[in-house]
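Here is the structure we will look at.
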Amino acid sequence: MEITVLYFASYKENSGIDKENLVLDSERDFMLSDILKVILTKHPKIPTPQEKIVAAINEEYQPHNHKVYDGDIIALIPPVSGG
């Protein structure tokens, strides 16, 4: 299975890239939480705890228990703060 990951704002700065393709073992199912674990292991400078990461799959926000499919595009959106 191959997916595309898009990094925005601080995630882009901390990972050093804005986009990457991940190739994963296609013998099993992956949830978004599994993908986030892979990403955080690969990019340890991303400081946001996994449970706080907001992600969109194919331009729709999804919970971490959402199943990921071959060809999906995952966009990581950092937490927004301000007043």
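Laboratory data are not the source of any read-out in this text; all were calculated from the coordinates shown. All values reported here derive from a predicted model rather than from experimental measurement. Reconstructed Cβ throughout: ideal geometry from the backbone, glycine too, with neighbour counts over all protein chains shown.
Longest span of the chain, sites excluded, free of trypsin sites (Lys or Arg not before Pro) in DSSP loop with at most 13 other C-beta atoms within 10 Å?
46-83
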Response to the item:
Between Thr41 and Lys12, the two model label points (7 Å from Cα along the beta-carbon direction) sit apart by a distance in nm of 2.7 nm
Worksheet item: Order of Tyr7, Tyr61 from fewest to most other C-beta atoms within 10 Å?
Response: Tyr61, Tyr7
Fill in: Where GluC sites (Glu not before Pro) fall in DSSP loop in the stretch 1-54, at most 11 other Cβ within 10 Å
Glu27
Worksheet, complete the sentence: Checked against the positive end of the charge dipole of the chain (+1 on Cβ of Lys and Arg, -1 on Cβ of Asp and Glu, about the Cα centre), the farthest of His43, Ile3, Asn21 is His43
Worksheet item: Along the stretch 50-56, what does the Karplus equation 6.51 cos²θ - 1.76 cosθ + 1.60 (θ = phi - 60°) give for ³J(HN,Hα), rounded to whole Hz, x for Gly and Pro?
Response: 3, 5, 9, 6, 9, 9, 10
Worksheet item: By counting other Cβ atoms within 10 Å of each Cβ, how are Ser15, Ser10 ranked from fewest to most?
Response: Ser10, Ser15
Worksheet, complete the sentence: Note on the chain: contact order normalised by length, alpha-carbon pairs under 8 Å, 6 or more apart, percent, works out to 42 percent
Worksheet item: So what's the angle, to the nearest 10 degrees on a 0 to 90 scale, between helix 32-42 and the longest Cα principal axis of the chain?
Response: 70 degrees
Worksheet, complete the sentence: With T = 37 °C, eta = 0.692 mPa s and Kirkwood Rh from C-alpha pairs, the Stokes-Einstein D of the chain in µm²/s is about 255 µm²/s
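Write down the percent of antiparallel bridges among all DSSP beta bridges whose residues are both part of the stretch 2-77, to the nearest 5.
Working: 13 of 17 bridges.
Once the DSSP bridges in the stretch 2-77 are tallied, antiparallel ones form about 75 percent.
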